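Heads up, the thing below is written out as structure tokens.
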Amino acid sequence: MFRNQYDTDVTTWSPAGRLFQVEYAMEAVKQGSAAIGLRSKTHVVLGCVNKANSELSSHQKKIFKVDDHIGVAIAGLTADGRVLSRYMRSECINYGFTYESPLPVGRLVVQLADKAQVCTQRSWKRPYGVGLLVGGLDESGAHLYYNCPSGNYFEYQAFAIGSRSQAAKTYLERRFEKFMDSSRDDLVKDALLAIRETLQGESLKSSICTVAVVGAGEPFHVLDNETVQKLIDSFEIAAVDEAPAAEPDAPADQGAPADQGAPADQGAPADQRPATDEGVAPMDI
């Protein structure tokens with residue numbers, strides 16, 4: 001995106017009917033580290049990638065507990081996400097004090113969307129530069145919502161936001177039909193596999209990801225690193241064992257010497273080859 005004469009104010013419409021400041025806020029969500037969510041009939045699993053700005057710093061917290069039955073995962077500006085999660089926590093406390101019952105997930109999401117929409121209609125405010133995956137459980141079952149900086153909200157069976165999230169979406173789209181009948185452990189495993197898709201070849205470790213679960217009879221909580229690492233090891237070992245078995249069959253199926261395919265790949269200049277670091281987000285916070 002480039003600057004133009006219609007992006008100096010959030011309330012200024014372009015001739016094409018666009019609000020560029022709102023679109024810039026939505027672009028900030030794409031620059032943050034990836035966050036994913038998926039749900040079954042009884043459970044919701046949230047996961048995120050932990051990226052530090054440097055080797056000397058720790059990563060920022062990306063998953064927040066709102067109430068015993070609700071949690072959020074964020075992508076974008078963590079400062080904005082922290083403020084909105086505090087607002088959601090206050091709404092849950094006020095509702096519980098008044099009505100002595102948990103706040104329904106859908107009602108909280110609508111209140112959050114209304115709060116975000118106000119920032120798109122006031123010249124002295126700016127839109128929140130964060131996307132939120134809200135997962136929770138209420139009387140009507142498990143729910144997963146995505147709140148956009150524009151004030152829109154959508155309910156999903158499974159979804160991913162942030163940088164390199166398209167790879168996770170592709171994985172979730174292939175398997176989402178099985179999620180409704182999945183067990184808790186299967187959901188967690190699918191969440192970790194979706195997170196691995198966003199790493200683009202980087203090995204998945206418990207130190208670079210966070211997974212949280214909420215479900216029937218299970219309040220919202222973040223899984224500890226040991227539990228996550230055991231799950232990672234269980235399918236990482238299986239994947240490593242399957243890969244070498246498939247490699248020897250490849251040359252036989254192709255029916256051509258391996259050296260004939262090499263010049264085609266090496267013929268392009270080095271500056272034209274896709275770099276693996278281009279997908280690194282400048283706002284991995």
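List of remarks:
- Backbone HN-Hα couplings from phi across the range 142-150 [Karplus 6.51/-1.76/1.60, Hz, Gly and Pro as x]: 7, 9, 9, 10, 10, 9, 9, x, 6
- Positive-pole candidate from S165, I195, S234, dipole of the range 114-239, charges at beta carbon: S165
- Within straight-line reach of K62, meaning a Cα separation under 23 Å, sit the following lysines at least 8 residues removed in sequence or on another chain: K30, K51, K115, K169, K189, K205, K230.
- Using θ = phi - 60° and Karplus 6.51 cos²θ - 1.76 cosθ + 1.60, couplings along the range 85-101 (whole Hz; Gly, Pro as x): 5, 5, 4, 4, 5, 5, 5, 5, 5, 5, 5, x, 5, 7, 10, 6, 8
- For the range 203-212, Karplus couplings with θ = phi - 60° (6.51, -1.76, 1.60), whole Hz, Gly/Pro x: 5, 8, 10, 5, 6, 10, 9, 10, 10, 10
- Order by protection proxy (mean Cβ within 10 Å, highest first), peptides 209-218, 15-24, 44-53: 44-53, 209-218, 15-24
- Relative to the compact-globule estimate of 2.2 N^0.38 Å, the Cα radius of gyration of the range 106-246 comes out at 1.21.
- Long-range amide H partners of A158 with built H, under 5 Å: none
- Alpha-carbon centroids, the range 79-115 and the range 1-32: separation in whole Å: 28
- Computed lengthening from A79 to Q157, 0.36 nm per intervening residue step minus Cα-Cα distance: 25.4 nm
Rule-based calculations on the coordinates, nothing more; no lab input. Keep in mind that this is a model prediction, so the values were computed, not measured. Glycine also receives a Cβ, built like all others from the backbone with ideal geometry; neighbour counts cover every protein chain displayed.
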